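The values are calculated or read from the model by the stated rules, or taken from the named source; none is laboratory data. Keep in mind that this is a model prediction, so the values were computed, not measured. Virtual Cβ from ideal backbone geometry, glycine too; neighbours counted across all protein chains shown.
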Amino acid sequence: MEGLRAGALQIWRLIVLLAALALLLRTTEMESLLSGLYALMKPLKPIGVNAERVAVRLWLTLRYAEMSRGNMESKSWTERVRNSLEPGAEMNETLRLEVRPFIWSDWLVLALALGLGIVVMA
């Protein structure tokens, strides 16, 4: 019985996490999302976290997913896999992040999110 409870709790945590992520992706522009992630991770540089690398990799992943979504309707899955493995046109895009300083409401939301995370994980 204890194992079932622990499993149900893990499923609930995953559902809450995915719902929060879906809400965040629907309500936030990609540039704002990346800027926020960069700002949150920048203080972690002393422990070896490279915020620039994380932001760029996430941007590339989201761009690739966005480009792949447009090709999904017209082709079978084997054609999509084959096309994704072919070298494509090189992208010459520049990622510019506008990092704004935190205001009191940002700190409040961060504190609430951390508090909720601690409660959910307990």
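Does GLU52 satisfy the criteria of being more than 13 Å from the chain's Cα centre (by Cα), within 25 Å of SER105 (Cα to Cα), at pLDDT 75 or above and among the acidic types (Asp, Glu)? Yes, satisfied.
Being in a helix (DSSP H, G or I) and of a type in the set (Phe, Trp, Tyr) is the filter here; which residues of segment 97-122 pass it? Listed by number, the residues that qualify are TRP104, TRP107. State which residue is surrounded by the most Cβ atoms within 10 Å (Cβ to Cβ) when the search covers only segment 1-42 and only residues that are among the polar types (S, T, N, Q) and in a helix (DSSP H, G or I). Only one residue tops the list, namely SER35.
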